[in-house]
1. Multiply the residue gap between residue 227 and residue 93 by 0.36 nm, knock off their C-alpha separation, and tell me the result in nm, one decimal place.
2. Within the stretch 134-243, which GluC sites (Glu not before Pro) sit in a loop by DSSP and count at most 10 neighbouring Cβ atoms inside 10 Å?
3. How big is the Cα convex hull of the stretch 70-206 in projection, averaged over all directions, in nm²?
4. Do any of 163/189; 97/163; 97/141; 21/131 go past 19 Å between their Cα atoms, and which?
5. Taking H placed 1.01 Å from N in the peptide plane, check which residues at least 5 places from residue 157 or on another chain put their amide H under 5 Å from its amide H.
6. What spacing in nm lies between the two simple spin-label points modelled at residue 7 and residue 101, each 7 Å away from Cα in the Cβ direction?
7. Order 212, 179, 57, most accessible first, counting only protein heavy atoms with a 1.4 angstrom probe.
8. When the Debye formula is applied to the Cα atoms of the chain, each taken as the same point scatterer, what base-10 log of I(q)/I(0) results at q = 0.07 Å⁻¹?
Amino acid sequence: MVFVPEEKLRQKMQIDGSVLKYMYSVAGVGLGLIAMGGMCIFIGILLGVALYGVMETNAVILAAVIIVPSILLILLGSFLQKRRVNHYQKAYEKQAKLTPAQIHEAEEEFKQQGTVLMSFEKSKSTNSLKKMGFITSHYLKFPGPNQALFPLQNMVACFYTKKYLCQDGGYDRALVAYTDDGDLGVLYKDPPEKACLEMIDAIAAHNPLIITDHHFSYEGREYDAVRQPEEVISLHRRMRSGQ
């Protein structure tokens, strides 16, 4: 799914004015602890109610023994999640190798009209919104609970293939993308084809120099964008420089 969000939705997708902070909050150990605590409280209440008619006082004590630690588990999870989310910028600096200035620029561009949202899903639930990717004037964030944020001009290739060679010698469907440093990129195994093609078209519309085919030819030479990334990156650099 690819669409241009209204301003109201863009505002919803921010925590303290940050879309990246909002998206970073989709995962974390803290969320697991909160969910576990909530489940234990529910179990404690059910046990208390089920046993109350048989062992009134003991049933209340048993429920309390389960519920009280569960509340503490939720509090711990909330603390850990808040601390994790507050360090979102360091995560993007480390994983995406971006400077604080670049991260700030990407976030400011997200707030502007013309931003495009991308997703493998059709849902617009809160959890789905946090896993969406986006395209701004100069930046590209791929979907998923990741820090795959790149300057658009650094993207070399983004393509869908039905012949991604697996370690067992077979083939898999995949969405592949990588940058001009040869190190950063993304790989999605067996993604929905229609959603991938929509994303690729949207990305290419923002940067026509991005290579969108697994196999292609240029100036009489054949290229394989999966097996020959170094050659493809070299070609892309020549194309950007106009040589």
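1. 45.4 nm
2. Qualifying residues, ordered by number: 219.
3. 10.7
4. Exceeds cut-off: 97/163.
5. Close amide H contacts, sequence-distant or interchain: 178, 211.
6. Taking the simple label geometry, residue 7 and residue 101 are separated by 2.9 nm.
7. Heavy-atom accessible area, descending, gives 57, 212, 179.
8. With no solvent term, the Cα-only Debye profile gives -0.34.
The values are calculated or read from the model by the stated rules, or taken from the named source; none is laboratory data. Just so we're clear, the structure is a prediction, and the values are computed from it rather than from any experiment. All Cβ positions, glycine included, derive from the backbone under ideal geometry; neighbour counts span all protein chains shown. Side chains included, ligands, DNA and RNA excluded: accessible areas come from the protein's heavy atoms. Shrake-Rupley method; radii C 1.70, N 1.55, O 1.52, S 1.80 Å.
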